[in-house]
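The values are calculated or read from the model by the stated rules, or taken from the named source; none is laboratory data. Worth saying up front: this structure is predicted, and the values here are computed from it rather than measured. When we count neighbours, we look across all protein chains shown, and the Cβ atoms used for this are built from the backbone with ideal geometry, even at glycine. The accessibility values were calculated without ligands, DNA or RNA, using every heavy atom of the protein model including side chains. Shrake-Rupley method; radii C 1.70, N 1.55, O 1.52, S 1.80 Å.
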Amino acid sequence: MPHSATLRRVLFWTALPLAIAALGSATGAIAQAQPTLSDPLQPAVPFPTEEPEPGEPAPVEPPAASPSPGVRPEAPVQSVPAPPSPASQFPRSTQRRSPTPFGGSTIFENLTLTPGADPSPKTIRGISGGPLPASDVAGRPETATGPCLGFVDTQPDHILTLTAPFEFLSLQVQSAEDTTLVVKGPGGSWCNDNYLSLNPGIAGQWLPGRYEIWIGSHRNNGYFPYVIRVLQQPE
């Protein structure tokens, strides 16, 4: 009996290191099979989403099939429509017959004057140009106040009504572009091209009555904003 117990103790202490070594090998194998915090599994990187700037085309959505992380496809070139011109906003044959709001002001206004009632300078605004030669509207190519040049609309830009004769009245057009002037009323037609630099104008004595005023552009269907100063006294 003592001999058997001694033999079991010897076998136990002999097998114990082998069991510990086998256990350590199994633990290392399990550890290699599991991901560690220093090397996590990374999902596919999604495409970045950004709010497009005003006027910029919206980004193209990524394809559904396994996109490449970090690569953003180029958006297709899109044509941007040009801003509308005054010509498209105001059809010349219709909306010039009455005052029209435009850019915080009113354009194509009419004016009625009485001598001595209010001698302060007046201003009226509009957009020059049109499809018709100014000479066709005036009925002749030349007048005592200047040549009938440029292109105007079929309808007058303004109506000036004088309730009594004016010993002096001046119309002075101011524009960043080269404009022309046609006036039709009691006594005939008057035209002008360059009164003050490239701006037209007419000054002198005026009969009472109704006067039609056109502001033209030298280029056919060229439309430019202008201001007319109406003075009852010489400057």
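Points to keep in mind about this one:
- Subset tally (residues that are surrounded by 18 or more Cβ atoms within 10 Å (Cβ to Cβ) and within 26 Å of the chain's Cα centre (by Cα)) for the range 226-235: 1
- Flag if PHE102 is modelled with pLDDT of 95 or more and among the hydrophobic types (A, V, I, L, M, F, W, C): no
- Scanning the range 166-205 for residues that are in a strand (DSSP E or B), crowded, with 16+ Cβ neighbours inside 10 Å and of a type in the set (Phe, Trp, Tyr) gives PHE166, TRP190.
- Elements of type strands (runs of 3 or more DSSP E) contained in the range 99-161, each with 3 or more residues being open to solvent by less than 70 Å² (accessible area, probe 1.4 Å) and touching a residue at least 60 places away in the same chain (Cβ under 8 Å): 122-127
- Number of residues in the range 206-224 that are crowded, with 17+ Cβ neighbours inside 10 Å and not in a loop (DSSP other than H, G, I, E, B): the value is 7.
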